[in-house]
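Engineer: Input: one structure, supplied below.
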Amino acid sequence: MKLNSAALTGFMLCLIALIFGVATNGGIGAVTRLLHFPSAVITFGGAFFSALLTANSFPDYIDCLKSFKDAFFLSQESVEDITGKILGLSGLSRKEGLLALESEAEKTDMPFLKKGLTLVVDGSDPDLTRDILESEMYHTIDRNGAHVKFWENLGSYGPAWGMIGTLLGLINMMADLEDVSTVGPAMSLALFTTLYGSILANWICIPLARKIEKNGERKQLVMEICIEGVLSIQAGENVRIIEEKLRSVAEAASSKAQSET
């Protein structure tokens, strides 16, 4: 895994833009006034607890929370890298036989490719090899989809709980309208929860969901290339044929992504 500097930079610049906007209107001291504990409990607590309510289990919930870091890291294997690696392995197997792939499988740092090569070396049936690899790929896709859905849901819960906090603040204000001293705290609760809900949705949840989704599509493409490459090596296909086949897989994925945008 390598750090995605663009994603991290964008995340930090959003924070800087928020602080800058507040500081230029009320000075740097106004930044600390953004911290309002009761509003944070209502908005963030309500949103995260609602997400917990929809989780299948605590481990699933924790797993989705941990996916936060996935938006800021990329797998080291690019489409070009994995294609070049598979073509190299294909040439090796044609020269020295499939058993020569065993040592190469031990060297690779990509578990999915290693599993595929191990199945080939062990002499597994091609259909069985495809079934095993595709099952793992679909599991990865489902898990990534669950992460995306989690952050999308959290992004919708944030503003909703912000509105709940706003209504609570307005209710308290209207109930004690004769006491002017209660107007300020009640309005703070009303406005802060709306602010926190918008920040949670538009700075954190929605961008994270989109980034995790894109990373998942990239990982899926790499896995599809691995599957086709491993099966082609097992079938003893020519290197040029394998190269064309892998290029077709990449182009099909690119066309699909463009049609969906």
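Engineer: Can you tell me which residue among A201, A160, A146 is in contact with a Pro (Cβ under 7 Å, 6 or more places away or on another chain), touching a residue at least 12 places away in the same chain (Cβ under 8 Å) and within 30 Å of A7 (Cβ to Cβ)?
Structural biologist: The unique qualifying residue is A201.
Engineer: When you go through G229, G197 one by one, which is the residue that is over 30 Å from T118 (Cβ atoms) and modelled with pLDDT of 90 or more?
Structural biologist: Exactly one of G229, G197 is over 30 Å from T118 (Cβ atoms) and modelled with pLDDT of 90 or more, namely G197.
Engineer: Return the pairs, sorted by first residue and then second, in which the second residue is of a type outside the set (S, T, N, Q) and not in a helix (DSSP H, G or I), the first residue lies in segment 208-220 and is buried (at least 21 other Cβ atoms within 10 Å of the Cβ), the beta carbons are less than 8 Å apart, and the residues are 6+ apart or on different chains.
Structural biologist: N215/L74
Engineer: Give all pairs with beta carbons closer than 9 Å in which a residue from segment 78-106 that is basic (K, R) meets a residue that is modelled with pLDDT of 85 or more and part of a helix (DSSP H, G or I); count only pairs at least 6 apart in sequence or on separate chains.
Structural biologist: Within 9 Å, the pairs are K85/L113; K85/G229; R94/I233; R94/V239.
Engineer: Also, I was wondering about something else. From L128, L117, L113, L133, which residue is under 12 Å from L231 (Cα atoms) and in contact with a Ser or Thr (Cβ under 9 Å, 6 or more places away or on another chain)?
Structural biologist: Criteria check complete, one pass: L117.
Engineer: Could you grab me the full set of residues in segment 139-161 that are open to solvent by 60 Å² or more (accessible area, probe 1.4 Å) and either small (G, A, S) or more than 16 Å from the chain's Cα centre (by Cα) (or both)?
Structural biologist: Once the filter is applied, which keeps residues that are open to solvent by 60 Å² or more (accessible area, probe 1.4 Å) and either small (G, A, S) or more than 16 Å from the chain's Cα centre (by Cα) (or both), segment 139-161 yields S156, W161.
Engineer: Then there is this: Out of segment 91-129, which residues are open to solvent by 60 Å² or more (accessible area, probe 1.4 Å), under 26 Å from the mean Cα position of the chain (by Cα) and modelled with pLDDT of 90 or more?
Structural biologist: Scanning segment 91-129 gives K114, K115.
Engineer: Please indicate, with yes or no, whether at least one residue in segment 57-67 is among the acidic types (D, E) and either out of contact with any helix residue (DSSP H, G or I) (no Cβ under 7 Å at 6 or more places or on another chain) or at pLDDT below 85 (or both).
Structural biologist: So far as segment 57-67 goes, yes, one or more of its residues are among the acidic types (D, E) and either out of contact with any helix residue (DSSP H, G or I) (no Cβ under 7 Å at 6 or more places or on another chain) or at pLDDT below 85 (or both).
Engineer: Let me ask another. Which condition number in (1) open to solvent by less than 40 Å² (accessible area, probe 1.4 Å); (2) in a helix (DSSP H, G or I) is the one that E77 fails?
Structural biologist: Here E77 clears every test but (2).
Engineer: Take L52 and tell me if it is aliphatic (A, V, I, L, M), under 30 Å from Q234 (Cα atoms), without any contact (Cβ under 8 Å) to a residue 24 or more places away in the chain and in a helix (DSSP H, G or I).
Structural biologist: no
Engineer: A further question follows. Name every residue in segment 19-35 that is surrounded by 13 or more Cβ atoms within 10 Å (Cβ to Cβ) and modelled with pLDDT of 75 or more, in order of residue number.
Structural biologist: I19, V22, A23, V31, L34
The values are calculated or read from the model by the stated rules, or taken from the named source; none is laboratory data. Quantities reported herein were computed from a predicted structural model and do not represent experimental measurements. Cβ coordinates were reconstructed from backbone atoms using ideal geometry, including for glycine residues, and neighbour counts include every protein chain displayed. Heads up: the accessible areas ignore ligands, DNA and RNA and are worked out on the full protein's heavy atoms, side chains in. Shrake-Rupley method; radii C 1.70, N 1.55, O 1.52, S 1.80 Å.
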